[in-house]
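Notes follow the structure.
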Amino acid sequence: MRSFWKGEGGLAAELGYRLSGSSDLYQSNGRRPYASINLVTAHDGFTLRDLVSYNHKHNEANGENNQDGHNDNRSWNYGVEGPTDDPEINALRARQQRNFLATLLLSQGTPMIGGGDEIGRTQHYPLEALTHRSWLKEQRDQGLNLGDADQQRLEFLGDAFLGYVVGRALFEADREADEGALTDRRKRLVEGKWLNAVGERLEVQKVVRLGKGEEAFQRRNERLCKDTVEALIGAILLDGGDEPARALIHRLMTDSDAPSEAGPDPIIAFGEEFQKRFRSPPPEPEYTSTGEDHMPMWQATLERWNGTTVRGTGTGKKDAKREAYRNALASIHQHAGD
């Protein structure tokens, strides 16, 4: 299929076999067309975008002088090796990617699509996100010039986008909150301790490329996890666009508890304080959600609580409940003169 879409002649009959389940390969042993596993790219080679962007492999960053990997990739760059700003070449590359995907999906058998190929992923930005500056310096000291593409610039971009996505969601979820309250909520949702916990859960410290002199210290460094998570968000933003990056942030926020302020958990603290003062279980808030389906913001409301309405917002129900209980606890102390 690669050779056909590259433009090599005399392959129409060969393509017909591949579209119909490769009976020339499997008919003799009784296998049916649906037994065929069809693929254009795999996890350990060119991505689909690479296939239409490069004539040759470029594995220099592996530190093996580009000797690893297969040389016969049957790829075509359509006039420029690697990324380009030429709109005609980019349009042709995009069309060829659609051609590959359409051929793959219309072929009999089971399609195997590399994750991210449907949105034109590359391996450049993810690899950059997992490259610490100490590793690049070590390569330069050994005479290998691999450029300056470490994770720091992607970290900056990921941090900025994370703050924007969370900030906008909070703004749209609670139109009554003032600037100070929104800032405090955003800070709790994107603080370093939580991002470090996310990074540890993903075990990013195990896959970051570090210089040998930094490994013993950096792999135990909390900031490494935070910086890498932010860099990965930036990489996905550049590689796949806004929607995949937003979806990742939403997934990270809903798969684990958002951080709370220093001190006891507000849910526990409010429950204990309410029991002590009113001799009954604390009230449960009512929940509503706003925002886009893939990035909802939840609002927890305690109606007519202590003479007023108390609300809390968050990326999950528990986060919103925690915020509402924190505000209710403050209201108790304010009315009691604590």
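Residues 82, 114: which one is more than 25 Å from residue 205 (Cα to Cα) and either in a loop (DSSP other than H, G, I, E, B) or over 24 Å from the mean Cα position of the chain (by Cα) (or both)?
From the options 82, 114, the qualifying one is 82.
If I go through the range 149-160 residue by residue, how many of them are open to solvent by 20 Å² or more (accessible area, probe 1.4 Å) and part of a helix (DSSP H, G or I)?
Of the residues in the range 149-160, 7 are open to solvent by 20 Å² or more (accessible area, probe 1.4 Å) and part of a helix (DSSP H, G or I).
Report, ordered by the first and then the second residue, all pairs with beta carbons closer than 8 Å, sequence separation of six or more or different chains, a first member in the range 62-76 that is over 14 Å from residue 51 (Cβ atoms) and part of a loop (DSSP other than H, G, I, E, B), and a second member that is among the basic types (Lys, Arg) and modelled with pLDDT of 70 or more.
From the range 62-76, the pairs are 66/57; 71/57.
Filter the range 201-229 down to residues that are among the acidic types (Asp, Glu) and at pLDDT 85 or above and give me whichever is most open to solvent (accessible area, probe 1.4 Å).
203
Would you please list the contacts, defined by Cβ atoms under 8 Å and residues six or more apart or on different chains, that run from a residue in the range 8-23 that is at positive phi to a residue that is assigned to a loop (DSSP other than H, G, I, E, B) and open to solvent by 80 Å² or more (accessible area, probe 1.4 Å)?
21/32; 21/108
State yes or no: is residue 182 of a type outside the set (Val, Ile, Thr), assigned to a helix (DSSP H, G or I) and crowded, with 19+ Cβ neighbours inside 10 Å?
When the stated conditions are applied, residue 182 does not pass them.
Evaluate the following for residue 105: is it assigned to a helix (DSSP H, G or I), farther than 27 Å from residue 296 by Cβ and among the hydrophobic types (A, V, I, L, M, F, W, C)?
yes
From the set of residues in the range 291-307 that are open to solvent by 60 Å² or more (accessible area, probe 1.4 Å) and closer than 20 Å to residue 181 by Cα, which is modelled with the highest pLDDT?
Filtering first and then ranking leaves 298.
Would you point out the residue of the range 117-145, among those that are of a type in the set (S, T, N, Q) and closer than 22 Å to residue 39 by Cα, that is modelled with the highest pLDDT?
Among them, the one singled out is 122.
Which residue is modelled with the highest pLDDT, if the candidates are limited to the range 243-274 and must be open to solvent by 80 Å² or more (accessible area, probe 1.4 Å) and in a helix (DSSP H, G or I)?
The residue in question is 243.
Restricting attention to the range 165-176, report how many residues are more than 15 Å from residue 291 (Cβ to Cβ) and open to solvent by less than 100 Å² (accessible area, probe 1.4 Å).
Number of matching residues: 0.
Would you check which residues across the range 6-50 are crowded, with 19+ Cβ neighbours inside 10 Å, within 31 Å of the chain's Cα centre (by Cα) and either of a type in the set (A, V, I, L, M, F, W, C) or not in a helix (DSSP H, G or I) (or both) and list them?
Hits for the range 6-50 are 38, 40, 41, 46, 47, 48.
The values are calculated or read from the model by the stated rules, or taken from the named source; none is laboratory data. Keep in mind the model is a prediction, meaning the values are calculated, not measured. No Cβ is skipped: glycine too gets one built from the backbone with ideal geometry, and neighbour counts run over all protein chains shown. The protein model used for the area step is the full one, side chains on, heavy atoms only, and it has no ligands, DNA or RNA in it. Shrake-Rupley method; radii C 1.70, N 1.55, O 1.52, S 1.80 Å.
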